[in-house]
Structure formats: structure tokens, C-alpha cells
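The structure under discussion appears below in the form of C-alpha cells.
Bear in mind these aren't lab numbers, they're just calculated from the coordinates by the rules spelled out. Here the structure is a predicted model, which is why all the values come from computation and not from measurement. Using ideal geometry, Cβ is built from the backbone for each residue, glycine included, and neighbour counts are taken over all protein chains shown.
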Amino acid sequence: MRKVIALVMVLGAVLGGQALAQVAPQEKEKLKVKVIGVTFKVLAKVYTASTDIEKLKAKNIQAINTMSDEKFRKRYDGYYNLFKKLPQRYIDEYKLTEDMSKQQVVKGIRSLDKHKIYQIINAIPNATIAESFSAYLRSKKEAEAGGKKSGGLMTHINNVWKDALENIDGKDDSEELAPDKIKIVASFYPVYIMAKNVAKDVPGVTVERLARSATGCLHDYAVTTNDMKKLAGAQVLVANGAGMESFLDKLISRQPQLKIARLSDGIPLIKGQGIAADNPHVWVSISYAIIEVENLGRALAEFDPEHKTLYQKNAADYTAKLGALKARMRGELAPYRGRQIVTFHEAFSYFAREFGLRIAAVVEREPGSEPSAKELAGTIELIKKNRIAVVFSEPQYPARATDAIARETKAKVYVLDPAVTGPDDPDAYLEIMETNLKTLKEAFHN
């Protein structure tokens, strides 16, 4: 089997080099990508046909179940970056998301058979394979430079391909291959959902998220090496602004080619109490979410005027949905205007103001920094004094403090979601706000 694999790789390299020698220089890059992609697919199919799939599945499942969470996450990130570029029907069928758990991955592996594997192999874009292979060459070169050994068949295949690629165009293929026409990276979840809506069906445009969906708000977020890799091929970074992305200035100095779309520009900000400056959670207000979507539509239309009409249409369609939801929420929450609430942190200041609610207290001024005993006692006293019946926690943070308050005051705890995490669905923000509406009505009714 090893000889067959090596033979396929050698033939692909030789034939690819011969073919590229006969084409115009401007076509070499395209043909090189095709050679790499086709050869990989042949290799993958040969390997699949000669492999006991059930045995291989069992081996992988056992490895996943026994590896550490850190190792699993690192390995899965690599697989996800490859397979997320599959046609949408495969992403939907296998429910591929950035933050799949071990159990979800194992379930997906169990559902595979050879026919499905062939389908997936055929669906992987050649450019994606070429990008991954170039990254593989770079990592191998770094390992060799560091004096590390990487022997066996993969080293042989690597050397064959490295020589072939260097001979094709006279240079090492460790350079980045041409990216999609426009790659948009959104800083975190809420602006990512906005970008998915505004860039919907725009030819040649991809949208990715910088921070993992489980990150939540970007308070004190530090940019990682993987983040910088995501940004390396990006043309546009979509940011909330208003101080949410404290790393922006440092990032811009490292990636000066990026166009930064700050969506909160023009929105009047509430002065924060526990956070360093102004309150950045403007998207939790539907009115301000509409302004952010409009700002994004204008920014993308300016950057990519060829598709200006489509960006504007998408932005208008999405803001129409947001406007309809806002009108309905205002109507249904009108009977509760003036009600006092206690929230987990300052994410709901704009939301409360929009719907006429009064925030009597905030449990944690700084998310992740639990209140002191004195602060907790003060909140409990305020709730008792004002006879506040409900306390709202958030799904992204532990509810220890809110639970302690509930025990002391007999107030009920409900969950309000600031829409900083959620599914990879363009309608996710709308659905989260729908759930918040139901939660508030239930809490106030009881």
C-alpha cells in the first residue's frame, strides 16, 4: 500500500511538472492547484478503497476518546479549517461547527461509509487542498529547521512534492496561494452573524469568525497565533468597536493591509461603570444592531463596489427583519415599562433602555470577576428594599453569584442571552432575541 501511495504522488508530481512547463506563466498557478488537488483525491480514494473503514473508524474513535481536551481541540481545528470549505450541503449534513464536542465528532465518524467518504473527497475544493498542503510544507520545514525528525513515508512524499513544486515555478511553495477574492473576518459572534447576512450570496466572498464562538464578549481577549493566521489572507476585519476589541490597534500595526469596519461608529455610547470606558454592548439593542448592519453594508459596498447593490439589498433585507422584531418586542413589553431588573453584567444597558426597563443593579461589573462580599450584600439589600422579584443571569457565565442572591432574596433566576455565542445560523440573533422576549414576559408575568 505504501508503494502505491508513493507511486501516485510521484506520478502526480512528474505529470504536473510536465504539464506546467507547457502553459503560459499566468496559468501556472491555476494548473498547479489543480494538479495538487487531483493527485490528493486520487491518493485519498486509493487509500480509502484499500482500507478497513470500520477498523479505522474504531481506531480514530478510541484515539479521540482518550486524548486530552487540548490535543483534541488543536487537532479538530485543523480538520475544521479544511472541511468548512465543503459545499454547504455537507456542512449541514454532518452538522459541522467550529466548536463540536468529542461526542459530536464521534457520532459523525460512526455515520461514515466509503461512499460518503468518496463524496466528501470529490467535494473538497482543489484550492483548499493546495492551501493545506502549502501549510504542511511550511510546518515540515520549520520542524527540520528546529532539528526535529520526521521520517517514514510522509517525509518521502513531502520531499517528492517539495521538489516538484520548486521545479514547477522556480520557487518554494511555502508562500500563500491566492485567497478568495474577498475574505471577511469578523471579530466575534454578533458581528459575525451580521456579516453572514450582509455578505450572503455575494460571489467570491467568504466570512469567518476570529474568536471562537464560545469566547463570548472580548473583554481582555488576547489575539492568538491562529487568529493571526486567519487574518493573514483577509482583506476586511469587521469589528464592533467602542472598545470591545481592545487588541485592534496592535492588530492593525501587524496587519496594515486590513480594512477595518467599526460597526458602532455613530452610535451614542453609555458610560460604563465597571468597565474601563464606554459600554460597548450596543448590538444587544435591536435599534443599534440595525445601525451596525447599515454601517457594515456601506463599508462592504465601498470596499467591493462591484457588488454594491447586493450588499445594500442584503443589509436592507436583514434590517427589515430586525425592525419587525423590534416593533413586536416594544408592543409586547410595553405593559412592563418601568420594571426594575437585576442583570448579570452591563451587557443589557442598551437593551433595557430601548424597552423601558430599569436596571437596578448589576451582579458582576467585570465578567469573570465575581462580586466581593460587600458588593453582594449591597445587591441583596437593594433587591429586598425594592422588592425586585427576578434576577437575570447569562448562559455564557457561571450563575454562582446570581444563585446566591436568589437564595437570600427568594427572587427567581431567569436567563437573558446577550447574543455573544450561538449557532452558525444567519437568523441566530433574531431567534435569541425572540427567546429573550419570551423569558421577560414569563418573568414579569410570574
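Of note:
- Net length available on complete extension from K385 to K259 is 40.3 nm, with 0.36 nm assigned per residue and the Cα-Cα distance removed.
- Computed on the range 303-446, the Cα convex hull volume stands at 122 Å³ per residue.
- Built amide H within the under 5 Å cut-off of R209, gap 5+: A186
- Amide hydrogen neighbours beyond the local backbone of I359, cut-off 5 Å, H modeled: I341
- Here the Karplus relation 6.51 cos²θ - 1.76 cosθ + 1.60, evaluated at θ = phi - 60°, turns the backbone of the range 302-309 into coupling constants of 5, 6, 10, x, 4, 10, 3, 4 Hz, with x for every Gly and Pro.
- For the range 253-263, Karplus couplings with θ = phi - 60° (6.51, -1.76, 1.60), whole Hz, Gly/Pro x: 5, 8, 10, x, 6, 6, 8, 9, 9, 8, 6
- Rg over Rh for the range 323-395 works out to 1.02, both radii taken from alpha-carbon positions and Rh defined as the Kirkwood radius.
- Local electrostatic count, R353, Cβ distance below 15 Å [Lys/Arg +1, Asp/Glu -1]: +3
- If the chain linking I53 and I109 were pulled fully straight, counting 0.36 nm for each residue of separation and taking away their Cα-Cα distance, it would gain 19.1 nm.
- Relative contact order %, the range 260-411, counting alpha carbon pairs below 8 Å whose residues are six or more apart: 19 percent
- Nitroxide proxy distance, nm - points 7 Å out along Cα→Cβ at K412 and R353: 3.0 nm
- Here the label points at Y336 and F303, each 7 Å from Cα along the C-beta direction, are separated by 3.7 nm in the simple model.
- Theoretical FRET efficiency, 1/(1+(r/R0)^6), r = Cβ-Cβ of T439 and D220, R0 30 Å, to 0.05: 0.60
- Computed extension length for L376-D403: 8.6 nm, one decimal, from 0.36 nm per residue of separation with the Cα-Cα distance subtracted.
- Taking amide H atoms as placed 1.01 Å from N in the peptide plane, the amide H of S393 lies under 5 Å from those of Y414, V415, L416, each 5 or more residues away in sequence or on another chain.
- The calculated FRET efficiency for the pair S246 and S101, based on their C-beta separation and a Förster distance of 41 Å, comes to about 0.90.
- Using θ = phi - 60° in the Karplus curve 6.51 cos²θ - 1.76 cosθ + 1.60, the 3J(HN,Hα) couplings for the range 221-238 round to 6, 10, 5, 9, 4, 5, 4, 5, 5, 4, 7, 4, x, 8, 9, 10, 10, 9 Hz; x is entered for Gly and Pro.
- Here the label points at A320 and M67, each 7 Å from Cα along the C-beta direction, are separated by 4.6 nm in the simple model.
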